[in-house]
Amino acid sequence: MEKSLFFEDLKSAAADFLRDSEGNYLAPDDALRADLAGMRFFEEILWGVAAAGDPLFAKLRCDGVVHHQVMLPSDWLPGAKSVVSFFLPFSEATKKSNAANGEAPSDEWLHSRIEGQMMLAALGEFIVSQLRDAGFAAVFPTTDKRFRLITPFVSNWSERHAAYICGLGTFGLSKGLITERGMAGRFGSVITDAEIAATERKYSSPFEYCTMCGACQYRCPAGAIDKSRGAALGKDQPLCASFLKEMTFPPHGAHGRIRYGCGKCQVKVPCESAVPQKISG
């Protein structure tokens, strides 16, 4: 099958899976509030692809980028040819609720962060199964047993950096990735030996889409963002993590899940749901 047609079929199957999966909707026995039962976590998938041998993956090992122990696509899958990155935007209801909820994360945001991540994992495994059924090898790093933290804030595969390389967007001051659908959502990726045409990167620098407006700085309840330090150093990750610990809530629901989150820097900001417009002059 022609490469472009195969990928279109894969995207269509994944879209159907996300739309029809019970995992994209909150189960009543997990709901923090009864009125949230059935809420949807994610909107339609945004896709990007890069060649597994793209030199930007090797650059992630350079000092000051990610870490020298980051795994390359070929480390995850010998013979890898493509990296397929996907972004799942949070629902409008989730974003609006978190924008209006003061310093604490909204219940909708907590569910989208925790139960939503479970849906993302199921989607990644589904994509892998589709590729394998078509005769290709594939790996989903998020659930692979080799996935690990290298430092408290760095893992051996960065979904945001993979998404950047795959043409999905660039980084913001808050360290989220700004896509054409904004930054409020979750990223995943699959590495495969299927050869899929790469997505054009419509940018040339890591922070190109960020206007440095500082809106995320003023939204951050932890005071962890400071644009005066510049885009690359603007976020104090330990301070952010410390606040996140305060926003961790006791086990709840039929499965006794511990929920945590914040996301204030991703909502009620110009890059919440789109690439912000830069004002010239």
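The values are calculated or read from the model by the stated rules, or taken from the named source; none is laboratory data. Treat the numbers as computed from the prediction; the structure is a model and nothing was measured. Because the Cβ atoms are built from the backbone with ideal geometry, glycine has one as well, and the counts that use them run over all protein chains shown.
Brief remarks follow.
- Annotation note: of Ile150, Ile178, the sole residue that is modelled with pLDDT of 95 or more, over 26 Å from Asp75 (Cβ atoms) and assigned to a strand (DSSP E or B) is Ile178.
- Cβ-Cβ contacts under 8 Å between residues 6 or more apart (or on different chains), taken from a first residue in region 192-214 that is in contact (Cβ under 8 Å) with a residue 60 or more places away in the chain and within 16 Å of Lys227 (Cβ to Cβ) to a second residue that is part of a loop (DSSP other than H, G, I, E, B) and among the charged types (D, E, K, R), are listed as Thr211/Lys278.
- Selection from region 248-263 of residues that are within 20 Å of the chain's Cα centre (by Cα) and either assigned to a loop (DSSP other than H, G, I, E, B) or within 17 Å of Ile178 (Cα to Cα) (or both): Gly261, Cys262, Gly263
- Among residues of region 102-125, those that are farther than 16 Å from Met247 by Cβ and surrounded by fewer than 18 Cβ atoms within 10 Å (Cβ to Cβ), counted: 4
- Count - residues of region 58-76 that are without any contact (Cβ under 8 Å) to a residue 24 or more places away in the chain, closer than 11 Å to Asn156 by Cα and part of a loop (DSSP other than H, G, I, E, B): 3
- Residue within region 190-199 that is assigned to a loop (DSSP other than H, G, I, E, B), surrounded by fewer than 17 Cβ atoms within 10 Å (Cβ to Cβ) and at positive phi present: no
- Residues satisfying the stated conditions in region 165-175, i.e. not basic (Lys, Arg) and not in a strand (DSSP E or B): Ile165, Cys166, Gly167, Leu168, Gly172, Leu173, Ser174
- Within region 221-234, the set of residues being more than 20 Å from Ala99 (Cα to Cα), touching a Lys or Arg at 6+ places or on another chain (Cβ under 9 Å) and outside any loop (DSSP other than H, G, I, E, B) comprises just one member, Arg229.
- In region 78-99, of all residues being hydrophobic (A, V, I, L, M, F, W, C) and either modelled with pLDDT under 95 or buried (at least 23 other Cβ atoms within 10 Å of the Cβ) (or both), the one that is nearest to Asp30 (Cα to Cα) corresponds to Phe90.
The rows are residues; the columns are (1) in a loop (DSSP other than H, G, I, E, B); (2) farther than 30 Å from Asp107 by Cα; (3) touching a Leu at 6+ places or on another chain (Cβ under 9 Å).
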residue: Tyr203; (1), (2), (3): yes, yes, no
residue: Met212; (1), (2), (3): yes, no, yes
residue: Cys216; (1), (2), (3): no, no, yes
residue: Pro238; (1), (2), (3): no, no, no
residue: Phe243; (1), (2), (3): no, no, no
residue: Cys265; (1), (2), (3): no, no, yes
residue: Lys268; (1), (2), (3): yes, no, no
residue: Lys278; (1), (2), (3): yes, yes, no
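- Extreme residue, farthest from Ser273 (Cα to Cα), among residues of region 20-57 that are surrounded by fewer than 13 Cβ atoms within 10 Å (Cβ to Cβ) and free of Cβ contacts under 8 Å to residues at least 40 places away in the same chain: Pro55
- Among (1) in contact with a helix residue (DSSP H, G or I) (Cβ under 9 Å, 6 or more places away or on another chain); (2) surrounded by fewer than 16 Cβ atoms within 10 Å (Cβ to Cβ) - the single one Pro251 does not satisfy: (1)
- Single match in Ala241, Ala254, Ala194 (criterion: over 19 Å from Lys95 (Cα atoms) and modelled with pLDDT under 95): Ala254
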